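Reading through the structure tokens given below for one structure.
The values are calculated or read from the model by the stated rules, or taken from the named source; none is laboratory data. Quick caveat: nothing in here was measured; it's all calculated off a predicted structure. Methodologically, a virtual Cβ is constructed for each residue, glycine included, from the backbone with ideal geometry; neighbour enumeration extends over all protein chains shown.
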Amino acid sequence: MSALSPSAKAFLRSIFTVLFIAGICSFGVGLIARNLMIGFGVGIILILVQLVFGYYFSLYIENQQQIAANMLIDSVIDDAIEMKAPTSLSCAYCNEINIVPLSLLEENSFDCPQCQQANKVYMQFTTVRITQPLAKKTTVKEVDMDEPTQRQTALGDKVEVN
Ligand SMILES: [Zn+2]
């Protein structure tokens, strides 16, 4: 049993529960009616009733879980709309600097307290390169202009051509 997944265990448990209830009831009815076939028929009917009831009950549970999930998503979106970053913006009319709380999910506008004009915020995003530092520093050699262009180099010295 330990090798079974939790959902397989739950499935087996519900099957055993359905059969157990149907078995007990059909045994009882069979005893009272003193007829094995009546008890057997009651057992079959009980199994079917439990399966139909279980099916609709699981649909109901699934629906409730979906409603709860949707409520969670809605509250997360509401919180994100509430989250506003204070940004300093100059008024489009009088250039007065205003601290405006901006939302990324809604259109933003504000009334300038100085000139009472309504400003609409236009947001634009751009990308920039992140410069990579060179792995190896290049050495810059100073050139002595007095030195003759024809030079003797020791054996093994690298001759750099610029
Ligand atoms: Zn203004």
Please note which strands (runs of 3 or more DSSP E) are completely contained in the stretch 1-111 and include at least 2 residues that are closer than 30 Å to VAL121 by Cβ and aliphatic (A, V, I, L, M). 85-90, 97-102
Pairs under 6 Å by beta carbon, first residue under 13 Å from ILE99 (Cα atoms) and touching a residue at least 12 places away in the same chain (Cβ under 8 Å) in the stretch 110-126, partner assigned to a strand (DSSP E or B) and away from the ligand (no atom under 13 Å from the Cβ), six or more apart or different chains? none
Mind checking which residues of the stretch 81-90 are exposed (fewer than 10 other Cβ atoms within 10 Å of the Cβ) and within 16 Å of the ligand (Cβ to nearest atom)? SER88
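Yes/no per residue for (1) within 16 Å of the ligand (Cβ to nearest atom); (2) of a type in the set (A, V, I, L, M):
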{"position": "ILE44", "(1), (2)": "no, yes"}
{"position": "GLY54", "(1), (2)": "no, no"}
{"position": "LEU59", "(1), (2)": "no, yes"}
{"position": "ASP78", "(1), (2)": "no, no"}
{"position": "ALA92", "(1), (2)": "yes, yes"}
{"position": "ILE99", "(1), (2)": "yes, yes"}
{"position": "LEU104", "(1), (2)": "no, yes"}
{"position": "ASN108", "(1), (2)": "yes, no"}
{"position": "LYS120", "(1), (2)": "yes, no"}
Of everything in the stretch 61-76 that's farther than 30 Å from GLY23 by Cβ and β-branched (Val, Ile, Thr), which residue is farthest from the ligand (Cβ to nearest atom)? ILE67
Considering every residue within the stretch 59-80, establish whether at least one is surrounded by 12 or more Cβ atoms within 10 Å (Cβ to Cβ) and farther than 30 Å from VAL100 by Cβ. no
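Would you confirm, using the coordinates I've provided, whether PRO113 is modelled with pLDDT of 90 or more, more than 16 Å from the ligand (Cβ to nearest atom), farther than 27 Å from PHE11 by Cα and not assigned by TED's automatic domain parsing to the domain that holds ILE15?
In short, no.
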